[in-house]
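Report on the structure given below.
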Amino acid sequence: MFAHKLPGFDLCFNIWIFPHIIDEKNLFQTQTQLQKYKLNFELYSKLNFENVQDLVLFDKLGILAYAYEKGFYAYVGGAIHNRVHNVIEPAFFGLPILCGPKIFHSAEARALQEAGGIFIVQSSLDFMQVHSKLIHSPKLYREVQTRNKEFVFSKQGSSEKIYLFIKSKD
């Protein structure tokens, strides 16, 4: 675990990686990349909870939604090469969201970006700049938390509205 405390926050950082596909081949490729960069990591299935590494690679399904509840911010993948994955879950928990630029297909991601709740990063430098902003400005962090939670709750009942609209066209 990183030993430093964040100003204005009572937490330290670990990095949790949740691969989009959890199968033997993809996990092997991810582990190989982490080893290539000489990053110490632990697989979640073999985690020693008394001495957690800085980096945990999750090799189990069904945990991501619970992890958002404990997170400080989320990097949502897919948007560097293809398209962004689901941004609603981390927004629900008020997490600032970092992702690549390919958010055009996601109305939620575009709206959250306009509201200031998503930060587009295209390089490690961009990532570190946003990381630094979030950890050094508790005020900014809390504003983004509020924006993202409010966005999700403002859309509450949308499925029912769509259903009723479609049903009225019958």
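Every read-out reported here was derived from the displayed coordinates using simple, explicitly stated rules and does not represent laboratory data. Here the structure is a predicted model, which is why all the values come from computation and not from measurement. All Cβ positions, glycine included, derive from the backbone under ideal geometry; neighbour counts span all protein chains shown.
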Open item on the list: For H20, H85, H136, which order do you get if you count the other beta carbons within 10 Å of each Cβ and list the fewest first?
Closed with: H20, H136, H85
Task: Linear extension gain, L34 paired with S159, 0.36 nm per residue minus alpha-carbon span - done: 41.0 nm
- [ ] Would you compute the Debye intensity of segment 1-146 from its alpha-carbon atoms alone, equal scatterers and no solvent, and pass along log10 I(q)/I(0) at q = 0.12, 0.16 Å⁻¹ to two decimals?
- [x] -0.52, -0.96
TODO: Find which of F58, N14, S159 sits farthest along the positive direction of the dipole of the chain, computed with +1 on the beta-carbon of Lys and Arg, -1 on that of Asp and Glu, about the Cα centre.
DONE: S159
Open item on the list: Using the Karplus curve 6.51 cos²θ - 1.76 cosθ + 1.60 with θ = phi - 60°, what ³J(HN,Hα) values do you get for each residue of segment 145-160, in whole Hz, with x for Gly and Pro?
Closed with: 3, 4, 4, 5, 5, 4, 4, 4, 5, 6, 9, 4, x, 4, 4, 5
Task: Around V76: net Lys/Arg minus Asp/Glu count, Cβ-Cβ under 14 Å - done: +1
Open item on the list: Highest mean first, how do 40-51, 100-111 rank when packing is the count of other Cβ atoms within 10 Å averaged over residues?
Closed with: 100-111, 40-51
TODO: Show the residues, 5+ positions off or on another chain, whose built amide H is closer than 5 Å to the amide H of L43.
DONE: L57
- [ ] Could you give the size of the charge dipole of the chain about its Cα centre, using +1 on the Cβ of each K and R and -1 on the Cβ of each D and E, expressed in debye and rounded to the nearest 20?
- [x] 360
Task: Whole-angstrom gap from segment 89-141 to segment 13-77, using each part's C-alpha centre - done: 20
- [ ] Treating the angle as unsigned and between 0 and 90°, give the value, to the nearest 10°, between the Cα long axis of helix 24-36 and the longest Cα principal axis of the chain.
- [x] 60
Task: Above-threshold pairs, the threshold being 25 Å between Cα atoms, out of K60/K139; K102/K133; K60/K149; K102/K139; K60/K155; K36/K70 - done: K60/K139; K60/K149; K102/K139; K60/K155; K36/K70
- [ ] Give me D170, D54 ranked fewest to most by other Cβ atoms within 10 Å of their Cβ, as a rough exposure proxy.
- [x] D170, D54
Task: Estimated dipole of segment 74-170 in Debye, rounded to 20 [Cβ of Lys and Arg +1, of Asp and Glu -1, Cα centre] - done: 100
